[in-house]
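Take a look at the structure below.
What follows is calculated from the coordinates using simple rules that are stated; it is not laboratory data. Please read these numbers as outputs of a predicted model, since none were measured by experiment. Backbone-built Cβ (ideal geometry, glycine too); neighbour counts: all protein chains shown.
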Amino acid sequence: MKRVFSGVQPTGNIHIGNYLGAMKQFVDLQEEMDCFFCVVDLHSVTLPQDPKSIYSHTLDVASLYLAIGIDPKKSTIFVQSHVPAHAELGWLLQCNSYMGELNRMTQFKDKSKGSESVSVGLFTYPNLMAADILLYDTHIVPVGNDQKQHIELCRDIAIRFNNRFGETFVIPEPQIKKSGARIMALDDPSKKMSKSAENPLSRITLMDSPEQLKKAIMKATTDSEGQIRFDLENKAGVSNLLTIYSEFSGMSISELEQKYEGLGYGALKKDLVEVVTASLSSIQQRYHEIRNSDEIRNILKEGAEKAEQVANITLRRVKEKMGFVLL
Ligand code: AQP
C-alpha cells in the first residue's frame with residue numbers, strides 16, 4: 001500500500017488556502033493509502049511565535065484534521081515534536097545538503113525579507129521537512145503549490161544520499177492539484193493567502209463566522225472591467241474568487257462563467273458567501289465538539305506511538321548506513 005505524508009504548521013488560524021490546497025485531499029487519500037498527517041510544530045518556531053499561540057494552534061490543527069473528515073482509524077494523526085526522530089534525521093540531512101541549494105529556496109527569501117535577524121532554523125527548514133517526509137518511506141506528498149520547491153529539494157537530497165550510502169530512502173512525489181493549489185490573498189491577489197499576513201481580510205479561515213467571511217469576500221479586490229471570466233493574468237482577483245467558488249461548490253469554472261454571464265461582481269460575491277458559509281458550517285460544528293474533548297489528546301498519543309514505530313526503523317537504517325554504532 002502506498003504511503004502518504006503531509007503536515008500543517010500551527011502558525012495561525014487555518015485558512016481556505018490550506019484546506020483547498022492540501023487538507024481536502026487528505027480526506028480522499030486515506031481511503032486508498034496509508035496516511036500520516038502531522039501538525040508540524042517544530043517548523044512553526046522557525047519564526048518567532050508566542051508559546052501560548054503555538055500550544056492552542058497545535059490542538060486547533062489536530063482538531064481540524066478530525067473535523068474535516070480524517071479518520072484516526074484509517075490515518076495516523078500526530079504532532080511532530082512528539083516523535084524525536086524528525087529532529088534527529090533533520091540534523092543528519094543538514095549534514096548531507098549544501099548551503100547553495102538551501103540558498104535557492106524562495107520561501108526562505110520571502111520569509112526572511114526585511115528581518116534584521118533570521119533564525120538558522122528558517123534556513124534549514126527544508127531539511128526538517130525532508131526528514132518528515134523521508135522518515136515514513138513516503139510515496140506521495142499532497143501539498144499546495146508553495147511547497148513544490150521544498151519537495152524537489154527533498155527528492156534531490158534523498159537521491160544523493162541513496163547514491164552515496166546505498167538504497168535507503170523511498171523517493172517521494174508531490175501531489176499538487178490542478179486547481180486550488182494556490183489560493184490568493186483576497187485583498188491582494190498577487191500574493192498567496194497566508195496565515196500570518198497582517199490584514200485579517202486577506203483570508204477566510206475555517207473558523208470564520210458568516211459575518212467575518214462575508215466582510216472579507218465583499219471587500220475582495222477585483223477589477224474595473226465588470227465581466228466575470230477566468231483570466232489569471234489580467235483578472236487575478238475575479239479568477240481567485242471563481243476558483244474558490246468552484247472548489248467549494250463542485251461546479252466547473254466554465255459553468256460558473258455561464259451562470260454569471262451579464263451579472264456583476266456583487267452577485268458573484270453574494271453567492272460565494274453562501275457557498276463558503278454552508279461548506280464551513282459542518283466543519284465548524286464538528287470542530288467545536290472535538291476541540292474541548294479528551295478525545296483529541298488520546299488520538300495524538302496513539303498517533304505518536306504509531307508514527308514513532310515507523311520513523312525509528314528508518315532512522316536506524318540511515319544511521320547504520322552512515323556508520324554510527326547502534327546498540
Ligand atoms: N494560499 C494557499 N493556497 C493553497 N495551498 C496553500 N498552502 C498554504 N497556503 C496555501 C498549503 O497548505 C499546507 C499547509 O501549509 P503550512 O502550514 O506549511 O504553511 P505555509 O505553506 O507556510 O503557508 P501559510 O498557511 O500561509 O502559513 P504561514 O503564514 O505561517 O507561512 C501546505 O501544503 C501548503 O502548501
Fill in the blank from the handout: Shape descriptor, the range 120-254: equivalent ellipsoid semi-axes (Cα gyration tensor, sqrt 5λ, whole Å, largest first) stand at 36, 17, 13
Fill in the blank from the handout: Using alpha carbon positions and the Kirkwood radius, the Rg to Rh ratio of the chain is 0.99
Exercise for the section: Between ASP223, ASP146, ASP110, find the one with the highest GNM mean-square fluctuation for the chain; connect C-alpha pairs within less than 10 Å. Expected result: ASP110
Completion exercise
Over all directions, the range 55-109 yields a Cα convex hull whose mean projected area in nm² is 5.9 nm²
Completion exercise
Here the membrane-span-like helices of the chain, with no claim about any membrane, defined by DSSP H, Cα axial extent at least 18 Å and mean Kyte-Doolittle at least 0.5, are 120-134, 236-249
Fill in the blank from the handout: The answer for GluC sites (Glu not before Pro) in the range 162-266 that fall in a DSSP coil and have at most 13 neighbouring Cβ atoms within 10 Å is GLU167, GLU198, GLU225, GLU233, GLU261
Practice task
Per DSSP H run of n ≥ 4, the term is -39500 (n - 2.57); total these for the chain, divide by its residue number, and report the mean residue ellipticity at 222 nm rounded to 500 deg cm²/dmol.
Solution key: -16000 deg cm²/dmol
Fill in the blank from the handout: Taking Cα atoms only, Rg over Rh for the range 200-288 with Rh from the Kirkwood formula is 0.97
Practice task
Kindly provide log₁₀ I(q)/I(0) values, in the same order as q = 0.23, 0.28, 0.32 Å⁻¹, from the Debye equation applied to equal alpha-carbon scatterers of the range 19-59.
Solution key: -0.83, -0.95, -1.06
Fill in the blank from the handout: Other residues with Cβ under 12 Å from the Cβ of ASP41 give, with Lys and Arg +1 and Asp and Glu -1, a net charge of -2
Practice task
Taking only the C-alpha atoms, wrap a convex hull around the range 238-301 and report its volume per residue in Å³ as a whole number.
Solution key: 98 Å³
Exercise for the section: Report the one residue of MET251, GLY121, PHE5 whose Cα lies farthest in the direction of the positive end of the charge dipole of the chain (charges on C-beta: Lys and Arg +1, Asp and Glu -1; origin at the Cα centre). Expected result: GLY121
Problem - Lys, Arg +1 and Asp, Glu -1 on Cβ, resulting dipole of the chain about Cα centre, debye, nearest 20 - result: 440 debye
Fill in the blank from the handout: Computed over the range 66-130, the relative contact order (Cα-Cα under 8 Å, seq sep at least six) in percent reads 43 percent
Completion exercise
Rg/Rh over Cα atoms for the range 108-151, Kirkwood Rh, comes to 1.05
Completion exercise
For the range 1-156, using Cα atoms only, the Rg and Dmax in Å read 15.1, 47
Exercise for the section: Would you mind calculating the relative contact order of the chain from Cα pairs under 8 angstrom and at least 6 residues apart, reporting the percent as a whole number? Expected result: 22 percent
Problem - Filtered chymotrypsin sites (Phe, Trp or Tyr not before Pro), the range 95-199: DSSP coil and at most 12 other beta carbons within 10 Å - result: TYR98
Practice task
Mind computing the radius of gyration and Dmax over the alpha-carbon atoms of the range 268-327? Å is fine for both.
Solution key: 21.7, 64
Exercise for the section: Taking the Cα centre of the range 200-288 as origin, sum charge times position over the Cβ atoms of Lys and Arg (+1) and Asp and Glu (-1), and report the length of that vector in debye to the nearest 20. Expected result: 380 debye
